[in-house]
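Novice: Mind looking over this structure? Questions follow.
The values are calculated or read from the model by the stated rules, or taken from the named source; none is laboratory data. Everything numeric in this text was worked out from a predicted model, so none of it was measured. Glycine gets a Cβ as well: all are built from the backbone with ideal geometry, and neighbour counts include every protein chain shown. These accessible areas exclude ligands, DNA and RNA; they are computed on the full protein's heavy atoms, side chains included. Shrake-Rupley method; radii C 1.70, N 1.55, O 1.52, S 1.80 Å.
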Amino acid sequence: MTLDRPWPYPQWIAHRGAGLSAPENTLKAIQMGVTMGFRMFECDVRLSKEGVPYLMHDDLLLRTTGQPHASNALTWPELQRLDAGSWHSSAFSDTPIPSLAQVMEFCTQSQPEALVNFEIKPNLGESASTGRAVANAVQAHWRAQTDRHRQDQPPEDHPLRTHPLLSSFDLKALSAAQDAAPELPRALLLAQADPNWIVNAQNLGCCAIVGHSSMWTKLRAHEALQAGLACVSYTVNEPEVAQQLMDWGIQSLITDRMDVFSRNSAHQPLNASGG
Ligand code: G3P
Ligand code: MG
């Protein structure tokens, strides 16, 4: 079973902005991924105290910045001053946290332009506000970028014609994103099988399901594709698992292992259709 319309995203997506070889969810990680041949980056987005969307996986700042605060307790100017790199290694000390806007700007300027999957990760009680803020910010920056490049007439398959993909485990956040910017593509994230998965995705106008690798079976991939939903899997770090998922018709795989799946790796054939 294949999807009945083109899936505009690459086969390989770097997890947390390619964040094993460099500090996760930073521009340095994305830059490293670009250098290694990746063309799409999954990044986790939360809101600062005053509502600025920025990249952070955890609901606490402690693990990646050493600061004993909730991720929504500091303002964006305060967050910008934090060191989000030393926890990874001294080579990356003083790496700053990027905002969603900075990531979009950075990806547009990559050669070739990189695509983004923003995972909306609301803090407690902030589902709707985070979904809305992320969608509004992506839409505003997308419009500004495409206006700026309009006279360049990007070709049909140019990344500037491919919107960022918004995804979330949080149904309320996806619904708020849908209300704020219905034209932005959305994907429902699932950590495990859910009896309502197809209907939930359809009700939210999603184009894809992003499921944990253990959730996918041949039958589930078939069901999703039959419902017109693309299939994406996270986090795929083993070549054998990647091959199995691709055999089942999964369109894109989110990986931590840039070293294993990059263009120069021993598994280059797995990378044949891009990423
Ligand atoms: O978006 C897929 C994946 O990133 C979800 O898991 O915890 O790494 O954000 P997590
Ligand atoms: Mg994520």
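Novice: Taking Asn72 as meeting all but one of (1) within 16 Å of ligand 1 (Cβ to nearest atom); (2) open to solvent by 40 Å² or more (accessible area, probe 1.4 Å), write down the number of the exception.
Specialist: (1)
Novice: Next question. Could you please find all residues in region 1-26 being open to solvent by less than 10 Å² (accessible area, probe 1.4 Å), among the β-branched types (Val, Ile, Thr) and part of a loop (DSSP other than H, G, I, E, B)?
Specialist: Within region 1-26, just Thr26 meets the criteria.
Novice: Just need a number here: residues in region 27-68 that are within 13 Å of ligand 1 (Cβ to nearest atom), open to solvent by 20 Å² or more (accessible area, probe 1.4 Å) and part of a loop (DSSP other than H, G, I, E, B).
Specialist: Of the residues in that region, 3 qualify.
Novice: For Gln80, only one of the following conditions fails: (1) of a type outside the set (D, E, K, R); (2) farther than 29 Å from Val232 by Cβ; (3) open to solvent by less than 60 Å² (accessible area, probe 1.4 Å); (4) touching a Pro at 6+ places or on another chain (Cβ under 9 Å). What is its number?
Specialist: (3)
Novice: Could you list all residues from region 141-190 that are modelled with pLDDT of 95 or more and assigned to a helix (DSSP H, G or I)?
Specialist: Leu171, Lys172, Ala173, Leu174, Ser175, Ala176, Ala177, Gln178, Asp179, Ala180
Novice: Can you tell me how many residues within region 91-132 are open to solvent by 20 Å² or more (accessible area, probe 1.4 Å), without any contact (Cβ under 8 Å) to a residue 60 or more places away in the chain, part of a helix (DSSP H, G or I) and not polar (S, T, N, Q)?
Specialist: 5
Here is a yes/no grid of residues against (1) outside any strand (DSSP E or B); (2) within 20 Å of the chain's Cα centre (by Cα); (3) within 16 Å of ligand 1 (Cβ to nearest atom):
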| site | (1), (2), (3) |
| --- | --- |
| Ser214 | yes, yes, yes |
| Arg220 | yes, no, no |
| Leu225 | yes, no, no |
| Cys231 | no, yes, yes |
| Val236 | yes, yes, yes |
| Glu240 | yes, no, no |
| Gln243 | yes, no, no |
| Ile254 | no, yes, yes |
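Novice: Looking for whichever is more than 16 Å from ligand 1 (Cβ to nearest atom), acidic (Asp, Glu) and touching a His at 6+ places or on another chain (Cβ under 8 Å) here; the options are Glu24, Glu105, Glu78. Which one fits?
Specialist: Unique residue meeting the criteria: Glu105.
Novice: Looking only at region 16-26, decide whether some residue is of a type in the set (Lys, Arg) and within 13 Å of the chain's Cα centre (by Cα).
Specialist: Yes, region 16-26 contains a residue that is of a type in the set (Lys, Arg) and within 13 Å of the chain's Cα centre (by Cα).
Novice: Look at His88 and say whether it is at pLDDT 95 or above, of a type outside the set (A, V, I, L, M), within 16 Å of ligand 1 (Cβ to nearest atom) and open to solvent by 50 Å² or more (accessible area, probe 1.4 Å).
Specialist: yes
Novice: Still on this structure, please answer the following. Which residues, taken from region 191-212, are part of a helix (DSSP H, G or I) and of a type in the set (A, V, I, L, M, F, W, C)?
Specialist: Trp197, Ile198, Val199, Ala201
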